[in-house]
Amino acid sequence: MDPKDYQIIRQLFDDYLQMYASRDDRLTTHFSEDFSGFTGGGDFLVKTREEWVAITRQDFSQIKDPLRIELKDFAIQLLADTIAVATGFFNIHLPIKDQILSNETARLVLIFRLEVAGWKICHSSISIPYHLVREGEIYPMQELASRNQFLEKLVAERTTQLSEANETLQQTNEKLAREIEKHTQTEDALRREQFFSKSIIESLPGIFYLYTYPDLRLILWNREHETLLGYGIGEIAGRHILDWHVPEAKEAVLDAIEIAMTKGRGSIETPLLMKDGRPVPFILTGIKFQAQGQLYLMGIGIDISERKRAEVEAEKLQLQLTQVQKMESVGRLAGGVAHDFNNMLGVILGYSELVLDQVEPGQPMYSALQGIQQAAHRSANLTRQLLAFARKQTVAPKVLDINMTVASMLDMLRRLIGENIDLAWRPGENLKPVKMDPTQIDQILANLCVNARDAIGDTGKVTIETDNVAFDEAYCSTHVGLVPGEYVLLALSDNGRGMDREDLSLLFEPFFTTKEMGKGTGLGLATVYGIVKQNNGFINVYSEPGFGTTFKLYLPCYQGKVEPSSQPEPVQPAATGHETILLVEDEHMILEMTTVMLERQGYTVLPAVSPGEAIRLAREHADEIHLLITDVVMPEMNGRDLARNVLSVYPDIKRLFMSGYTANVIAHHGVLGERVHFIQKPFTMQDLATKIRSVLMHEENW
């Protein structure tokens, strides 16, 4: 309490004592005598009426502060807003015995209230032991009754006020309850909205992000953001947007953000860094977002790893398709000219060979004729290479042991690569068989060895090796072009100059070559590629500049029954004969040339320019014809149908088919069976003579 207030109350207390000093009774006299000038008091905490009485009966020695008391009981609190208590103890004189009982005490309690005009006594009372009350009057009862009436009136007024306050409070409570219910409903709606929003964010097909702008700190995200990038719950809070991006993409990312914040929307395709540092391709789309005056960048990111893989796969497939289309184009080109070109080459080769037989080696014309033959042979080889690349080469597949085939070629290959280059041969053990034309193995090895020789240049080493390999589904799923199964590996390595990536990508292109002008046609490796594909195999190339090149060819294993190889029928050394041959060819020049060739070999020839004429000759010369040589593709009927007609007259006649067309055309006419005798145009007189003797001496008639 303020000291000034304390002095005011103290003065009021003294005035109250003086009032009782003027009374004519022994109580007052003794009160005045014993209490005048005395100061004392206590600090009381009053909660109930019962406690009030208990406090007023406390011993004076327990009182510490005379001026402060706090009333907790509501009825008492009505007496004063701010209360101070002044107390005093005094002796009581009893009139019955007319003596002072010093051991009996009473307490005077005054209650003060601070009003507008100042401090005022609002209540007073005297508390004494009960037995003393019966023995003497110590307090004016009339005044006490008056004070009680005042108190009751005050309580009634305050009760009315309390009732009104209670009613107001009840109304306030009801209003508050309605407000609370409304607030609860609003909170429920907000929770539902938050749950709905969170559900949408979590169900997005990608990552969701919300960054503050311009500081670009992450404040809201979905679980997918953490999962896709390999983070745990809460690990990405507050991260800067550039933390996810590779250094070389950061400038582009910032540019995309500025576009989004300027135009309202922006997107960018860029990799995001996972927790382990691996980049993952994403498409990020962001929009400008504003709330309560704060700008944000909000958006989603879609993982496009699968799309990227699909694009790479599509690119590979497109390259394969392009390669196939190139082969088809070359095939159509080769097929379109092969027939006429081979027929013309056949005439050139045939007649040059016939003329050479008539010219002495020492004559000037002899070397000229040899030049014609060499040019014709090279032209024929060029056509064969084109057809091999396009997989339209005419073949006669056989079950082969690659080891035996390679071993038989080693001497020829060593001569081909030269003495300065070492040729190492490492055959695999228990090698499984393959089924393909043996001449194609010759073409493969010859072309690869020539390529290795040119890559080495001076001295070096070429290694040929074979082995059995197998590829399962899992391995093939990660290597485009591979088919599960068992294969025979034919590998050729050199320690030459090697190739870079660009050259590797063009390696099997027809007419592509790294050699100087005039030193390569660019068809050697294209031929190898075509042969491997024609036999349902595949080829891999490994090369680095300065570290040489390795070609690995995988040829499918033959799964059928392998029959013991029979000894070939011996051929007459002179390759001549005396039999009668029915020769059918719709090209007059080839018919005439081939007739001359056969007659020079001692055969009797019945030439026919059409199938109809051939059937007529067959009937006219019954039992005289030993061999039918016929072209496959002719205007009236094909060679296969002609052979069936001739068989009606000669059931045991031997048959030899010839053609300048490509393999697919010949196969369409039903000729290229495994045991069908066939010779490809152009051919030399020696080739024809050898083939005829082989057919005539063959026991089986196909």
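The values are calculated or read from the model by the stated rules, or taken from the named source; none is laboratory data. Note that the structure is a prediction, hence the values are computed from the model and not measured. Because the Cβ atoms are built from the backbone with ideal geometry, glycine has one as well, and the counts that use them run over all protein chains shown.
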I'm told Phe511 meets every condition in (1) at pLDDT below 85; (2) out of contact with any Ser or Thr (no Cβ under 9 Å at 6 or more places or on another chain) except one. Can you identify the failing condition by its number? (2)
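Looking at the structure I just gave you, is Asp215 at pLDDT 85 or above, out of contact with any Lys or Arg (no Cβ under 9 Å at 6 or more places or on another chain) and loosely packed, with under 10 Cβ neighbours inside 10 Å?
Numbers: at pLDDT 85 or above: yes; out of contact with any Lys or Arg (no Cβ under 9 Å at 6 or more places or on another chain): yes; loosely packed, with under 10 Cβ neighbours inside 10 Å: yes.
Criteria met by Asp215.
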Working only within the stretch 226-251, note down all residues that are in contact (Cβ under 8 Å) with a residue 40 or more places away in the chain, in contact with a strand residue (DSSP E or B) (Cβ under 8 Å, 6 or more places away or on another chain) and either within 20 Å of Lys198 (Cβ to Cβ) or not in a helix (DSSP H, G or I) (or both). Leu228, Leu229
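Looking at the structure I just gave you, is Gly602 surrounded by fewer than 21 Cβ atoms within 10 Å (Cβ to Cβ), assigned to a loop (DSSP other than H, G, I, E, B) and either of a type in the set (S, T, N, Q) or modelled with pLDDT under 90 (or both)? Full working, then the answer.
Values: surrounded by fewer than 21 Cβ atoms within 10 Å (Cβ to Cβ): yes; assigned to a loop (DSSP other than H, G, I, E, B): yes; either of a type in the set (S, T, N, Q) or modelled with pLDDT under 90 (or both): no.
Here the answer is no, as Gly602 does not meet what is asked.
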Exactly one of (1) modelled with pLDDT of 85 or more; (2) β-branched (Val, Ile, Thr); (3) closer than 26 Å to Arg616 by Cα is unmet by Thr690. Its number? (3)
Which pairs turn up if I take residues in the stretch 589-612 that are within 15 Å of Leu656 (Cβ to Cβ) and assigned by TED's automatic domain parsing to the domain that holds Phe683 and look for partners that are assigned to a loop (DSSP other than H, G, I, E, B) and basic (Lys, Arg) with beta carbon separation below 8 Å, at least 6 apart in sequence or on another chain? Ile590/Lys681
Search the stretch 455-466 for residues that are in the same structural domain as Ala491 (by TED's automatic domain parsing) and among the small types (Gly, Ala, Ser) and pair each with any residue that is assigned to a strand (DSSP E or B) and surrounded by fewer than 16 Cβ atoms within 10 Å (Cβ to Cβ) when their beta-carbon atoms are under 8 Å apart and the residues are at least 6 apart or on different chains. Gly460/Asp422
Test each condition in (1) in contact with a His (Cβ under 7 Å, 6 or more places away or on another chain); (2) on the phi > 0 side of the Ramachandran plot for Gly234 and report the one that comes out false. (1)
Across the stretch 418-463, what is the number of residues that are of a type in the set (S, T, N, Q), assigned to a helix (DSSP H, G or I) and modelled with pLDDT of 85 or more? 2
Among residues of the stretch 623-645, those that are among the basic types (Lys, Arg), under 20 Å from Ile692 (Cβ atoms) and either over 59 Å from the mean Cα position of the chain (by Cα) or at pLDDT below 85 (or both), counted: 0
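Given the residues Leu254, Leu284, which is the only one that is in contact (Cβ under 8 Å) with a residue 12 or more places away in the chain, surrounded by fewer than 16 Cβ atoms within 10 Å (Cβ to Cβ) and among the aliphatic types (A, V, I, L, M)?
Working: Leu284 fails: surrounded by fewer than 16 Cβ atoms within 10 Å (Cβ to Cβ).
The conditions single out Leu254.
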Can you name the condition, by its number, that Tyr211 falls short on among (1) assigned to a strand (DSSP E or B); (2) in contact with a Gly (Cβ under 8 Å, 6 or more places away or on another chain); (3) of a type outside the set (Gly, Ala, Ser)? (2)
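Looking at the stretch 253-263, is at least one residue out of contact with any strand residue (DSSP E or B) (no Cβ under 9 Å at 6 or more places or on another chain), in a helix (DSSP H, G or I), under 26 Å from Glu306 (Cβ atoms) and not acidic (Asp, Glu)?
Filtering the stretch 253-263 down to residues out of contact with any strand residue (DSSP E or B) (no Cβ under 9 Å at 6 or more places or on another chain) leaves 254.
Pick out the ones that are also in a helix (DSSP H, G or I) and you get 254.
In the following step, the residues that additionally are under 26 Å from Glu306 (Cβ atoms) were identified as none.
Checked the stretch 253-263: no residue is out of contact with any strand residue (DSSP E or B) (no Cβ under 9 Å at 6 or more places or on another chain), in a helix (DSSP H, G or I), under 26 Å from Glu306 (Cβ atoms) and not acidic (Asp, Glu).
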Cross-chain or 6+ apart pairs with Cβ under 8 Å, the stretch 258-280 first and over 17 Å from Ile207 (Cβ atoms), then among the hydroxyl-bearing types (Ser, Thr, Tyr) and outside any helix (DSSP H, G or I): Met261/Tyr213; Arg265/Thr285
